[in-house]
Amino acid sequence: MKEKSVQKKGPEKIDGIKQMAEYFDHTDTEELEWEDTDLRFERPEMAHISVRIPKTYLITIKKAARDLGLGYTAYVRMLLHKSATSSKAGR
């Protein structure tokens with residue numbers, strides 16, 4: 001006898017990233033209903049820069065990035081993004 005797959009809907013409401021992570025940690029996503037969408041993710045145009053910093057800074061940056069499971073250049077971009085988009089930026 002062939003087993004019928006039952007698709008289930010996602011949770012009614014998710015309050016925050018921790019609840020979302022918990023939900024997806026315990027849910028087989030193949031059993032969920034998915035909707036098609038025209039949503040597209042586009043990467044911003046990137047520019048190459050070169051910055052000289054003390055070696056001790058780079059060691060600290062690489063350790064912090066590793067602790068977060070990131071590459072150090074992604075971590076630096078994240079820090080720059082946070083700084084550039086904060087409410088105090090440009091004042």
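No value in this document is a laboratory result; all are computed from the given coordinates. Given the structure is predicted, the values throughout are model-derived calculations rather than measurements. Here the Cβ is made from the backbone with ideal geometry for all residues, glycine too, and neighbour counts use every protein chain on show.
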Please name all residue pairs, on different chains or six or more residues apart, with Cβ atoms under 6 Å, provided the first residue is in the stretch 14-33 and is without any contact (Cβ under 8 Å) to a residue 40 or more places away in the chain and the second residue is aliphatic (A, V, I, L, M) and part of a helix (DSSP H, G or I). Ile14/Met20
Residues in the stretch 11-40 that are among the aliphatic types (A, V, I, L, M) and part of a loop (DSSP other than H, G, I, E, B) total 2
Test Ala47 against the criterion of being surrounded by 11 or more Cβ atoms within 10 Å (Cβ to Cβ) and not hydroxyl-bearing (Ser, Thr, Tyr), and give yes or no. no
